[in-house]
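Quick notes on the structure that follows.
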Amino acid sequence: MPRRYLTTPIYYVNDRPHIGHLYTTVVADALARFHRFLGEDVRFLTGTDEHGQKIEKVARAEGTTPQAVADRNAPTFQRLWKRFEVGNDDFIRTTEARHRRGVEALIARLDAAGDLYVASHEGWYCVGCEAFYPEKDLLDGRCPTHGTAAEWQKEENVFFRLSRYADRLLSLYEKGVDGRPFVYPETRLNEVRSFVASGLKDLSVSRTSIQWGIPFPSRPGHVVYVWLDALTNYLTALGFGSGDEGLVARYWPSGDGRGDVRAVHLVGKDILRFHAVYWPAFLMSAGVPVPSQVVSHGWWLRDQMKMSKSVGNVVRPDDLVESFGVDALRWHLLAEMAFGQDASFSDESFLARYNADLANGLGNTLSRVVRMAADAFGGKTPSERCDDNEVMRAAAKAASDWRRAFESYRLQEAADAIRALVTAIDGYLTAREPWKLVKAEGATPALHRIHHNALEGLRVAAVLLWPIAPAASAEVLRRIGCAAPEAGPREGDLEWGRIPLGAPLVPAPPLFPRADAKAYFAAHDAHKETPVTDQPKPGATPDGVAPSAPSAPSAQSANSPAGAAPAAPAAGVPAAAAAAAPPSAPSETPSTSPSAPAATSAEGGARITIEEFFRTDLRVAEVIAAEKVERSKKLMKLRVRIGEEERTLVAGIATAYSPEQLVGRKVVVVANLAPARLMGIESNGMVLAASLPGTGEPSLLAVDPSVPSGTKVK
Ligand code: MSP
């Protein structure tokens, strides 16, 4: 029987889980379910990464121990995975004794291979990545992933002779493992290949500047570098180094192609290098076969930035789950992101997809079909079957598209296949009009067959839904009179005609009640006054606005066009309000930072370069809706269209314009500004307006109405 070992990264415990962590875990869970569905022997591992400088820093800031931070946060991951029906077989924590033993065993092998030596070392370190960066890879001295300032660190370290493995790594990328590329998708394989081809330096694998880690064997004062520690979890969780390596033998590839055993690491693209370069090199050195594949997905973005704690733009799953349930979020994550690419997360797109796919799509079709069949056949499923019809063919096509999609990690296409089947069922019913037939002729055999097809199509859709949204899958099956197997459906359940004849149907309220987006945002915002950044907000007003700017990240200050707006809007302050509100403002008007350079006014401030100016993405936008913000004199909430995209932003222009004057008008917006929240509304951009002398009254920049929305302004 094929054996599959699937892993997620182990997550740092300096944070609670957010949508990004959830995505990887749900993808891994869906894949594990898919393989179980095929009847394969699956082991699915996740866990937490509890050592390193990041955790040590948090503990120091809190005046507690790193272990206490880990003990507090690891269960938040465990609880969330449980809530999301994640069926992991094991959860490893790197502070466990079984892990430490395994790391020591691996290091003993690296040492025995002659691959460890001590040397002194200095360089730029990003604590967010827990990695050194060559200076050329930093952007203005900042980490390219986190945007945070890198720290210069100097110490004596144990080094691993990574450079020795360049040729073997290149050959691994060339040949792949058991006929499959070692890294998926191919673009990522190319990135890794050129990284290695451009030359590998030896890697520092111990730290002396921190204490929180596994003590480095035979090196007093050194702890094991957190990535060597963390990567080894994939083996230590199988018992590597414990004396009982039964699980290693069962789930780790033998390296000689014996047995159909595949170990697949699922990772975000941020940590691909660690998994596709360092990890196989460590294993080669230790004489352990490499895993079968490293599969890398893209990032969930918020306003073009990777969602991460360091950036402070994370979305937590809590609110959405509270309102729409676990399956709606699982569905959204898998259906919305084209696997491998980045995707933007927004509540608006979540609600749109929820209504389209789940409320109007699957949920509505289910209610319709169950109600009609129950009315026609006394609350039971039909008692005639039909083995030649278009729903059957649509179901077969959906199943094969779905399978192909899962096999190549294109989970969004697996969701598409389910949606297509539901649409086919709807179309079939519209064409056959069973509601007319029942009135004209009663419950004829033909009517039985039509409903059989619709219900059976839904049953297949529910089976296909299982890896993506397991609870909804079981509920659809229950409502159409099928028992949902405890361990989930299996491949044989795709066979056409398995719905029991004459079994009780269960009419019930909508599975996914339609969401009222307006009501959701109103209720949601009433409870959520926090700015979308994690920046501190000293002396924040009741509006959640920081009256003085904390040190704004460089990208943000670059977003203030000279002469049009106060310098560097404070993080957490809606840029639109900052652009247009009068200077002598009451509480809802942000003041500019006292420490921000008074350099951006037209009256003699320092000049900026053209490159600096071009970091500001100015676009023509069309106002498609406008309403005054309640309890605010100056703020106007605008819905604008920028090319294909729609956004909400808040502008301090309500004293000068009415909503009627704004709708249909073209304005200029700063499109790449970090989001900010004011009066509970998230503002995604800044409208440009002149601030009139004397009164400070805003006057919008005029745009010729013939200029299409989305046009770049420069
Ligand atoms: N502890 C390391 C991993 C060690 S694995 C041996 C680590 N942890 S992390 O908490 O930062 O989580 C990283 C992983 O979380 C990413 O690789 C990705 O799988 C997921 N994500 C975190 N933020 C993400 C997004 N914004 N978007 C998508 N996934 C992201 O790195």
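The values are calculated or read from the model by the stated rules, or taken from the named source; none is laboratory data. Bear in mind that the values here come from a model prediction, so they are computed numbers and not experimental data. Because the Cβ atoms are built from the backbone with ideal geometry, glycine has one as well, and the counts that use them run over all protein chains shown.
Is it true that VAL311 is within 12 Å of the ligand (Cβ to nearest atom), part of a loop (DSSP other than H, G, I, E, B), surrounded by fewer than 21 Cβ atoms within 10 Å (Cβ to Cβ) and hydrophobic (A, V, I, L, M, F, W, C)?
On the way: within 12 Å of the ligand (Cβ to nearest atom): yes; part of a loop (DSSP other than H, G, I, E, B): yes; surrounded by fewer than 21 Cβ atoms within 10 Å (Cβ to Cβ): no; hydrophobic (A, V, I, L, M, F, W, C): yes.
Taking the combined requirement at face value, the residue does not satisfy it.
For the range 1-31, the set of residues classified as within 14 Å of TRP81 (Cα to Cα) and in a helix (DSSP H, G or I) consists of ILE19, GLY20, HIS21, LEU22, TYR23, THR24, THR25, VAL26, VAL27, ALA28, ASP29, ALA30, listed by residue number. Residue count for the range 668-682 satisfying the condition of being assigned to a strand (DSSP E or B), under 22 Å from SER632 (Cα atoms) and of a type outside the set (Gly, Ala, Ser): 5.
For the range 352-392, a residue qualifies if it is surrounded by fewer than 17 Cβ atoms within 10 Å (Cβ to Cβ) and closer than 11 Å to VAL422 by Cα, and exactly one does: ASN360. Of all residues in the range 28-46, none are surrounded by fewer than 20 Cβ atoms within 10 Å (Cβ to Cβ), more than 24 Å from SER473 (Cα to Cα) and more than 14 Å from the ligand (Cβ to nearest atom). Each residue in the range 32-46 was checked for being touching a strand residue (DSSP E or B) at 6+ places or on another chain (Cβ under 6 Å) and part of a helix (DSSP H, G or I), and 3 pass.
Among the residues of the range 1-12, those identified as at pLDDT 95 or above, more than 8 Å from the ligand (Cβ to nearest atom) and not hydroxyl-bearing (Ser, Thr, Tyr) are PRO2, ARG3, ARG4, LEU6.
Does the range 200-210 contain any residue that is surrounded by 14 or more Cβ atoms within 10 Å (Cβ to Cβ), part of a loop (DSSP other than H, G, I, E, B) and at positive phi? No, every residue in the range 200-210 fails to be surrounded by 14 or more Cβ atoms within 10 Å (Cβ to Cβ), part of a loop (DSSP other than H, G, I, E, B) and at positive phi. Of all residues in the range 650-667 being of a type in the set (Val, Ile, Thr) and part of a loop (DSSP other than H, G, I, E, B), which is farthest from VAL315 (Cα to Cα)? Of everything passing the filter in the range 650-667, THR655 is farthest from VAL315 (Cα to Cα).
Within the range 209-232, residues that are closer than 14 Å to ILE55 by Cα and among the charged types (D, E, K, R) have Cβ atoms under 6 Å from residues that are more than 16 Å from the ligand (Cβ to nearest atom) and assigned to a loop (DSSP other than H, G, I, E, B) in no pair, counting only partners at least 6 apart in sequence or on another chain.
What do you reckon, is ALA249 at pLDDT 95 or above, under 19 Å from the mean Cα position of the chain (by Cα) and away from the ligand (no atom under 12 Å from the Cβ)? Lay out the reasoning, then the answer.
On the way: at pLDDT 95 or above: yes; under 19 Å from the mean Cα position of the chain (by Cα): no; away from the ligand (no atom under 12 Å from the Cβ): yes.
No, not satisfied.
Which one is modelled with the highest pLDDT, of the residues in the range 683-714 that are polar (S, T, N, Q) and in a strand (DSSP E or B)? By that ranking, first place goes to SER683. Residues that are under 30 Å from TRP152 (Cβ atoms) and among the basic types (Lys, Arg) within the range 201-260 comprise LYS201, ARG207, ARG219, listed in sequence order.
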